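Report on the structure given below.
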Amino acid sequence: MSASHVQIAELIEVSLDDITIPPGNHRQDLGDLNGLAESIRTIGLVQPITVRQRDAGGYELVAGQRRLAAARLAGLSTVPAVVRGYADVESRKAMAMENLNRKDLEPLEAAAAYQELLDLGIASEEVAALAGTSAQQVSDHTSLLSLPRKVRRELAGGAIDYQTALLLTQLADTPERLTRALHNTRDGSSLTSAVQHELHARELDRKTESSRVELEQRGVPIIERPRESFSPRARVRRLGNGWGCIPLTQAKHAREACHAAYIEEHTGDIVFVCIDVQRHVGVVPGIQAPADAKAERAAKRSERQAQR
Ligand SMILES: [Zn+2]
């Protein structure tokens, strides 16, 4: 055998019973095989399938699942096959590529094929280049795989379209919000706004939670948002330089027993407060001292009594 023969893949006739389809194959729907089967009956299988030899004996399909199924339907017992000495990785790669080359590929099938290539350790840019698409398309499609099974079924069944599914992937890690967005959409509002609403609410939840954790770690007591914290007469007041605030920095006030905070419900932000402003009378200017005023009134009263 000359060296050049080694390079050429072997073309053989393989019994259908000797061909197994590896679990890595993602082709869910082979479509209508009747036309192809009819053509195979008439002129035979023109394009050979691709297989590789299994260590356990027999062959594993690398490419051509649709042709193989049509050949079976046409009543063939053997098919022409190119035998490749592919490594396992290469055969899975070829299988994924074969799937991606279909024109009628469903989004989830494309997603599974992209994921297969990514799982083989191929970088997403390379996957995109192999598939003749963009890295964004690859990432959009694979994100569909994070959707709850129910939503994936709806996508596969055509109950929701690709764009809708893509929008919902943003809520994939909070299935209860995803379900709510979908439910609200069915009540007539647009899906975009329903998803936006849930994303916003989720963001607020996360920020509120992280604020709470931060305060707990710093040992700052958390109080309810006071109904009135801006009035100069309020006992609880915000720290800072705004109107009605106590002009103390949070760092300075943190050492005080009157230091606390609340979490702003519409933003999740932390607002530091003093819960007993009278502790700062005489130290912080502009704080009235009711205790002193009382003493003053008492003094005036006794003064008046003394004058009688
Ligand atoms: Zn204070």
What FRET efficiency do you get for Ser190 and Ile21 if R0 is 30 Å and r is their Cβ-Cβ distance, rounded to the nearest 0.05? 0.10
What distance in nm separates the two pseudo spin-label positions at Leu199 and Ser39, each 7 Å out from Cα along the beta-carbon direction? 4.3 nm
Check the straight Cα-Cα distances from Lys150 and name the aspartates and glutamates below 13 Å, setting aside those fewer than 8 residues away within the same chain. Glu176
Label-point separation, Asp161 to Glu125 (7 Å along Cα→Cβ), nm: 3.3 nm
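Report the local net charge at His197: Lys and Arg +1, Asp and Glu -1, summed over other residues whose C-beta lies under 10 Å from its C-beta.
Result for the local shell: +2.
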HN-Hα J in Hz across region 141-153 - Karplus 6.51, -1.76, 1.60, θ = phi - 60°, x for Gly and Pro: 5, 5, 5, 4, 5, 7, 5, x, 3, 4, 5, 5, 5
Here the percent of antiparallel bridges among DSSP beta bridges lying wholly in region 46-136, to the nearest 5, is 50 percent
May I ask you to compute the full-extension gain from Asp55 to Arg301, defined as 0.36 nm times their residue separation minus their alpha-carbon distance, rounded to one decimal in nm? 77.8 nm
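Laboratory data are not the source of any read-out in this text; all were calculated from the coordinates shown. In this text, all values refer to a predicted model and were calculated from it rather than measured experimentally. Virtual Cβ from ideal backbone geometry, glycine too; neighbours counted across all protein chains shown.
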